[in-house]
Structures are given as C-alpha cells and as structure tokens.
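Engineer: One structure, pasted below without further comment.
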Amino acid sequence: MSLKLDGKKLSLEIEAKLKNYISSNRKIAKRVPGLAVIRIGEDPASGVYVKNKEKACNRVGINSFIFHLKDNVEQKEVEELIKKLNLDNDIDGILLQLPIPKKFDDQRLISYINPSKDVDGLNEKNIGKLVKNEPAMRSCTPAGIINLLRSQNITIEGKKIVVIGRSLLVGKPLSLMLLNLNGTVTMTHSKTLNLDKVCKEADILIAAAGKPNLVNSSFVKEGAVIIDVGIHRLESSDENKTRLCGDVLLEDVITKVFAYTPVPGGVGPMTVTMLLVNTIFSWQKQFGLSSTLNDLLP
Ligand code: NAD
C-alpha cells in the first residue's frame, strides 16, 4: 500500500513544537511574535486563506494583525503601510496575500517588505540568497514540501526530481531548494514538450501547474513519490456542494506510487505551518533566542 504524506498531521506536530517554543521564550523576548497580513480586495479564496492563517497564529500564540484594504486604495498607500509595518517593533513578519487586483504592482509591493520580515520569502533579496544557497527566509509552500519529504526520510540527494510549474510562488523557488539539496531537478512548464515522458523519469514528481487532474498514471514511474501542490474547487455531483481536487488524478496513480500527498490535507496545511515557522524565525533572530527550530528551514 502506498504511503500517505499527511501534511495535516505533520503540521499539527510542528505547531505543538512552535507553541512550546513561544511559551518558553516569551519572557526573554518580552512579547510574543507578530504577523501582519495585508489583504486587498474581496477575492473569496483569499478571505479563506487569511482566516486560516489567523486561526493558525492563534493556535500557537502568534499575534496576527489583519489589514483588509478595499481595492480602491492606491498602490502608494499600500507601499506606505508596508513601510510603516517594516518599522513596527511588534511585527516580525509581513505577508501580502496573493493574488491582488491587477491594477497593483505586486512585485513592487513585495520589494518594499524588509527582507528580514518577508515571511513569504518572495522579496528579491531572499530569492537572490536562495539562488546563492545562502541562509534566508524561504517561501512557504516549497519549504513545507521539503519538510514533508524529510518527515518520511525520503532522500532528495541524487534523486531525479521533476517539478511541473515555474511560478515565482512555487515552481522556481521549489526547484532551487531541491537543487540546493543535491536533487537532479528538471523544471517543466506549459510549453514543455512530451510532459508525460519527462515526468515518467522522475523519482519524485511535484505537480504545481494549477490544472485539475493533469497528472495521470501515464506521467508516473512505478514506485515514484508524487507531491500534489494544486488545489481546485470543483462542482460535486451532489447539488450545491463542491469538492477539492489537485493537479493529480489520485485514483489513477495511487496504486503505482510509493508515496503521495492528499488534497486536501497534504501540501496546504504545511504552507500555513511554514508561515508560522518563518514568523517565529524572524522573532528568534530579533531577540537572539536559541535556535532549536533551524532543522525546519531548508
Ligand atoms: P501559476 O498559475 O502562477 O503557475 C502555474 C505554472 O504551471 C506555470 O509556470 C505554467 O507554465 C505551468 N503550467 C500551466 N499549465 C501547464 C500544463 N498544462 N503543463 C505544464 N505546465 C503547466 O500557479 P502557482 O501559483 O504556481 O500555483 C499552482 C497551483 O498550486 C495552483 O493550483 C495553486 O492554487 C496551488 N497552490 C497551492 C498552495 C498550497 O499551499 N497548497 C500554495 C500555492 C499554490
């Protein structure tokens, strides 16, 4: 039977460690960690993600500050808010919830975030350090995937790894992190020819294309590990109900693989957990606290 890489379970285990870490260090720091989340506009999925992040902060003892801005604010106003939060001593992490309405320049906004508070790891300084394989804040979804693999002692070094997707949010930073860990990485995208054949070479296949059920058994080598980053809400046959699915047609590949991530309950919870880890990491650095959480940072 294939092994389920249970992101929900692992995230709860890590959260327990984080909670413990905060409660044993809050006296030294004289305050708990603080995370600011900026949401712009009314995208309903973003609303759900922000709520989940707020709840996760509450569970471990991080103060969350939610700034929900109307989409008629100007770019300049958001930049000013980020500058203010950069200087705020109660804030260790700043996250811009993506996507934001098209009239904003999201990359410019991210470039305003102080790199040491850039808990999404998307600021060009942190991306540059990732390219150079130097320690820095790492983006949450890729870092969560690496922790999931490590939790089951799945070796990255020397493995053939295919990543589907080359976005700044997932595909590119993930490919770089895996390369830094000595994987032999192939990054693929919407213009890749013979995608199924390329994927079939992989010992570890990671799907982050944002296309429901793109990956079927013809993409998968016997005994491979398959990680599904995609998350899609589809109509269910039961009226008024929706169901979640990923980029992988799980029922088609499950008997073939050594290990897989479910959707939901795989990569998603780990993404939120890594946001907490990054916020606490920034807090730890600011107050020179003991660094017992370093093994969570790829
Ligand atoms: P994106 O749209 O920015 O990028 C998608 C990438 O996939 C692009 O590089 C594109 O070239 C490639 N692609 C698209 N269609 C393809 C195809 N048919 N074949 C091969 N490559 C193809 O998306 P993203 O932000 O990287 O997110 C990808 C998916 O992961 C989405 O479903 C998103 O919702 C999900 N996601 C999940 C989490 C999580 O925590 N679980 C976090 C971030 C993103």
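Engineer: What lysines sit close enough to LYS4 to cross-link, taking a C-alpha to C-alpha distance under 18 Å and skipping anything fewer than 8 places away on the same chain?
Structural biologist: Cross-link targets: LYS221, LYS256.
Engineer: Convert 20 °C to kelvin, take the viscosity as 1.002 mPa s, use the Kirkwood radius over C-alpha pairs of the chain as Rh, and evaluate the Stokes-Einstein diffusion coefficient in µm²/s, rounded to a whole number. Walk me through the numbers on the way to the answer.
Structural biologist: Working: Rh = 19.8 Å.
Translational diffusion coefficient: 108 µm²/s.
Engineer: Normalised by the residues of segment 75-156, what does the relative contact order come to in percent, with Cα pairs under 8 Å and at least six apart?
Structural biologist: On the way: 70 pairs, mean separation 18.5, N = 82.
Taking the mean separation of contacting Cα pairs over the length of segment 75-156, I get 23 percent.
Engineer: In the structure shown, do any of LYS129/LYS285; LYS17/LYS84; LYS55/LYS125 have a Cα-Cα gap over 19 Å, and if so which?
Structural biologist: Values: LYS129/LYS285 17 Å; LYS17/LYS84 31 Å; LYS55/LYS125 29 Å.
Violating the 19 Å limit, Cα to Cα: LYS17/LYS84; LYS55/LYS125.
Engineer: Are there GluC sites (Glu not before Pro) in segment 1-77 that DSSP puts in a loop and that have at most 15 other Cβ atoms within 10 Å, and which ones? Spell out each step's value before the answer.
Structural biologist: Details: sites: GLU13, GLU15, GLU42, GLU54, GLU74, GLU77; in loops: GLU42, GLU74.
Answer in residue order: GLU42, GLU74.
Engineer: Follow-up question, since we're still on this one. Out of all DSSP beta bridges in the chain, what portion is antiparallel? Express it as a percent rounded to 5.
Structural biologist: On the way: 4 of 34 bridges.
That works out to approximately 10 percent antiparallel.
Engineer: How about segment 1-55: which trypsin sites (Lys or Arg not before Pro) there are in a DSSP loop, with at most 11 other Cβ atoms within 10 Å of their Cβ? Don't skip to the answer; put the middle values down first.
Structural biologist: Values: sites: LYS4, LYS8, LYS9, LYS17, LYS19, ARG26, LYS27, LYS30, ARG31, ARG39, LYS51, LYS53, LYS55; in loops: LYS30, ARG31.
Passing sites in segment 1-55 are LYS30.
Engineer: Any idea how far the Cα center of segment 174-233 sits from the one of segment 40-71, in Å?
Structural biologist: For segment 174-233 versus segment 40-71, the Cα centre distance is 30 Å.
Engineer: To continue, here is another question. Among all helices in the chain defined by DSSP H, which have a length of 27 Å or more along the axis from Cα atoms plus a Kyte-Doolittle mean of at least 0.0? Intermediate results must be reported in sequence, preceding the final value.
Structural biologist: Values: long enough: 7-29 (31 Å, -0.59); 267-287 (30 Å, 0.66).
What comes out of the filter, once short or polar helices are dropped, is 267-287.
Engineer: Under 17 Å Cα-Cα from LYS132, which aspartates and glutamates qualify once same-chain neighbours fewer than 8 residues away are excluded?
Structural biologist: GLU124
Engineer: Sequence-distant or interchain residues sharing an amide H contact under 5 Å with ILE66, placed H: which?
Structural biologist: Excluding prolines and chain starts, which carry no amide H, the hits are VAL37.
Engineer: Another question, then. Per-residue ellipticity at 222 nm for the chain, helices alone: DSSP H runs ≥ 4 residues times -39500 (n - 2.57), over residue total, nearest 500 deg cm²/dmol?
Structural biologist: The helix contribution divided over the chain gives -12500 deg cm²/dmol.
Engineer: Please state the shape class of segment 65-106: rounded when a/c is under 1.5, otherwise prolate if a/b exceeds b/c and oblate if not, all from the C-alpha gyration tensor. Intermediate results must be reported in sequence, preceding the final value.
Structural biologist: Working: a/c = 2.17, a/b = 1.75, b/c = 1.24.
It comes out prolate by the Cα gyration axes.
Engineer: Okay, moving on. For segment 140-268, what is the largest minus smallest coordinate of the Cα atoms on each principal axis, given in angstrom and ordered from greatest to least?
Structural biologist: Principal axes ranked by extent give 48, 29, 28 Å for the Cα atoms.
Engineer: Return a whole-number percent for the relative contact order of the chain, with Cα pairs under 8 Å and 6 or more residues apart as the contact set.
Structural biologist: Details: 561 pairs, mean separation 63.8, N = 298.
Averaging sequence separation for qualifying contacts and normalising by length gives 21 percent for the chain.
Engineer: Return the sequence-ordered ³J(HN,Hα) values of segment 228-240 in whole Hz as given by the Karplus equation 6.51 cos²θ - 1.76 cosθ + 1.60 applied to θ = phi - 60°, using x for Gly and Pro.
Structural biologist: 10, 8, x, 9, 9, 9, 10, 4, 9, 5, 6, 3, 6
Engineer: On to the next question. Defining a contact as two alpha carbons under 8 Å apart and six or more residues distant in sequence, what relative contact order in percent does segment 30-114 show? The partial results should precede the final answer.
Structural biologist: Numbers: 109 pairs, mean separation 36.4, N = 85.
It comes to 43 percent, rounded to a whole number.
Engineer: Also, quick follow-up: Test of the criteria: in segment 239-276, which trypsin sites (Lys or Arg not before Pro) are in a DSSP loop and have at most 10 other Cβ atoms within 10 angstrom of their Cβ?
Structural biologist: Details: sites: LYS241, ARG243, LYS256; in loops: LYS241, LYS256.
In loop regions of segment 239-276 (DSSP not H, G, I, E or B), the sparsely surrounded trypsin sites (Lys or Arg not before Pro) are LYS241.
Engineer: Which of rounded, prolate or oblate describes segment 30-114 when judged by the alpha-carbon gyration tensor and an a/c cut-off of 1.5?
Structural biologist: It is oblate, given that a/c is not under 1.5 and a/b is not larger than b/c.
Engineer: Using only the Cα atoms of segment 120-208, build the gyration tensor, take square roots of its eigenvalues as a ≥ b ≥ c, and label the shape rounded, prolate or oblate: rounded if a/c is under 1.5, else prolate if a/b is larger than b/c, else oblate. Working shown, then result.
Structural biologist: Values: a/c = 1.96, a/b = 1.32, b/c = 1.49.
Verdict is oblate for segment 120-208.
Engineer: Let me ask another. Please list, or write none, the aspartates and glutamates whose alpha carbon is within less than 13 Å of the alpha carbon of LYS211, excluding same-chain residues fewer than 8 places away.
Structural biologist: ASP228, ASP247
Here, each number is a calculation from the coordinates, and none is a lab measurement. Note that the coordinates shown come from a computational prediction; the quantities given were computed from them, not determined experimentally. FYI the Cβ positions are ideal-geometry reconstructions off the backbone, even for glycines, and counts take in every protein chain you see.
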